[in-house]
Structures are given as structure tokens and as C-alpha cells.
Amino acid sequence: MGEWSKYIIEIGFGTEHLGEDPNIAVLRAVEFAMNGVCIPGLYEMFDYDPEKIKKNTRVEVLVGTPYPEKVDVERVKKAIPLDCEKVVKIVEGGLLGEGVVSEEHNIKRNIIVSNAFITVYVRK
């Protein structure tokens, strides 16, 4: 089999405003990045054969987010709409900013911003 080559790079961001759940922000970031991708060339390259696509395509996802230890990597993999190898790396990053605050009601909720960097590789 041949070497892996970069085919597509997409970047997305996602936010979570109310519950400080990084999974929501991360999934939104991944979906934002993937929604901008249309890859007819991938299907043409492998003769529209799902098995060839599966064996010769790999997706790597790098996500920067607050609370990376709380992210469900399997949910992130499921957000990638390609049937192929998926490698997900979650690191500390993104932003955490003050959101809804009411001292009177004892409420302080931060806004999470997560970033996703997605690379699709194909094997020649």
C-alpha cells in the first residue's frame, strides 16, 4: 500500500453557553468543520467503492477545549460522517469566558469555545 497524503484540512469552532459541557462545544466544532466539506473527488478516486474508501482514507481530529478530560472521544468519532479510520486527540485549549452571571441568584455559567482541526488523508 502507498503512503498517506493530506487531502483536506478543515477548521471549525463550537460553543456551549449554558451547562459548561465541553462535549457540546466539541461536537459543534467538529460538525461545523465537516459541514463545509464536499468530497466527490474521494469517491471518484476510489471508483465509488465503499471498501476502497474505508481502507484508503483516514481522518485525524485535533480538538482544543477547556476540560478535555470530560470529552467523550467515541462521540467525536461518530460525528465524522466517513466510514474509515478515525484518530481523535483532545487537548487543553479553546476558551472559557464568563457567561450568565447573577450573584443574587447564585448563578455563574461560563461559555466554552472549542476548536477543531480536521485532516482527511488518502493513501495513494
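For the residues GLU92, GLU60, the requirement of being charged (D, E, K, R), under 20 Å from GLU10 (Cα atoms) and out of contact with any helix residue (DSSP H, G or I) (no Cβ under 6 Å at 6 or more places or on another chain) singles out GLU60. One residue stands out in the stretch 31-48 among those that are farther than 18 Å from LYS6 by Cα and modelled with pLDDT of 95 or more: the one that is surrounded by the fewest Cβ atoms within 10 Å (Cβ to Cβ), namely GLU31.
Every condition in (1) modelled with pLDDT of 95 or more; (2) surrounded by fewer than 17 Cβ atoms within 10 Å (Cβ to Cβ); (3) touching a strand residue (DSSP E or B) at 6+ places or on another chain (Cβ under 9 Å) is met by ARG75 except one, and the failing one is (3). Name every residue in the stretch 85-117 that is surrounded by fewer than 14 Cβ atoms within 10 Å (Cβ to Cβ) and among the β-branched types (Val, Ile, Thr), in order of residue number. Listed by number, the residues that qualify are VAL87, VAL91, VAL100, VAL101, ILE107. Restricting attention to the stretch 72-107, the residues being touching a residue at least 60 places away in the same chain (Cβ under 8 Å) and either assigned to a strand (DSSP E or B) or touching a His at 6+ places or on another chain (Cβ under 7 Å) (or both) number 3. For the stretch 1-27, the candidate set comprises residues that are closer than 16 Å to PRO68 by Cβ, at pLDDT 95 or above and touching a Phe, Trp or Tyr at 6+ places or on another chain (Cβ under 8 Å); within that set, the residue that is surrounded by the fewest Cβ atoms within 10 Å (Cβ to Cβ) is PHE13. Residues of the stretch 49-63 that are within 12 Å of VAL88 (Cβ to Cβ) and surrounded by 20 or more Cβ atoms within 10 Å (Cβ to Cβ): VAL59, VAL61, VAL63.
The values are calculated or read from the model by the stated rules, or taken from the named source; none is laboratory data. These figures come from a predicted structure and were not determined experimentally. Note that each Cβ is placed from the backbone with ideal geometry, even for glycine, and that neighbours are counted across all protein chains shown.
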